[in-house]
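First comes the structure, then the notes that go with it.
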Amino acid sequence: MRIIGHGIDIMQYGRTKTHLASADQDWLHSIFTIEEQAQADNPPHAIAFYSGREAAKEAVAKALGTGFSGDVSWYDIEILRTPLGAAEVRLTHGAKNIAISLGITSWFVSISHTGDYAIASVIAAAD
């Protein structure tokens with residue numbers, strides 16, 4: 001196994017809290033898929049959940065080497081929960097195509113929370 005890319009990102013809870021409090025919910029619906037929203041923790045833990053997932057999406061985009069540009073959108077990267085509760089990466093569309101072209105076969109994602117921040121580290125690997 002070899003590492004193809006690594007990404008890390010940090011999110012402040014205050015920013016997420018402001019977005020979630022917005023009446024129009026544009027932020028929520030423009031970044032998170034229906035499935036991600038369905039897996040979200042209930043308030044007040046939703047702030048930590050969404051902060052961690054946003055950081056993980058950013059970290060995946062960095063590991064791809066593209067960021068959110070060109071063919072990679074927020075909806076192309078999903079951070080979902082396995083039945084055991086671990087975070088996992090699921091890619092579609094542009095992000096999936098880039099991952100295939102880079103030979104990425106697996107993802108390792110870790111999301112941590114402390115104080116007022118969530119941080120995510122993601123490693124993209126090939127066999």
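The values are calculated or read from the model by the stated rules, or taken from the named source; none is laboratory data. Values in this document were obtained by computation on a predicted structure and should not be read as measured data. Please note: Cβ atoms are built from the backbone with ideal geometry, for glycine as well, and neighbour counts cover all protein chains shown. Remember, those area values only see protein heavy atoms, side chains included, never the ligands or the DNA or RNA. Shrake-Rupley method; radii C 1.70, N 1.55, O 1.52, S 1.80 Å.
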Next on the checklist: With bins 10 Å wide starting at 0, give me the P(r) of the chain over every alpha carbon pair, in whole percents.
Outcome noted: 14, 47, 32, 8, 0
Checklist outcome for this item: Given 70-80, 23-33, 96-106, 4-14, the highest-first ranking by average Cβ count within 10 Å works out to 70-80, 4-14, 96-106, 23-33
Next on the checklist: Checking the cross-link filter: which lysines have an alpha carbon closer than 18 Å to that of Lys96, excluding same-chain neighbours under 8 positions apart?
Outcome noted: Lys57, Lys62
Item to check | Accessible carbon and sulfur surface of the chain relative to its total accessible area, %, 1.4 Å | outcome: 56
Item to check | Å² per residue, accessible surface of the stretch 3-61 at 1.4 Å | outcome: 48
Checklist entry - Hey, what angle do you get for helix 93-102 against the long axis of the chain, alpha-carbon based, 0 to 90 degrees rounded to 10? => result 40
Checklist entry - Roughly what would the spin-label model give for Ser112 and Ser30, points 7 Å off Cα along C-beta, in nm? => result 3.1
Next on the checklist: If you average the C-alpha positions of the stretch 60-127 and of the stretch 1-36 separately, how far apart do those two centres end up, in angstrom?
Outcome noted: 12
Checklist entry - In a GNM of the chain with a 10 Å cut-off on Cα contacts, which of Ala95, Ala21, Ala48 has the highest mean-square fluctuation? => result Ala21
Next on the checklist: Can you give the FRET efficiency to the nearest 0.05 for Ala40 and Arg2, using r as the Cβ-Cβ distance and R₀ = 30 Å?
Outcome noted: 0.30
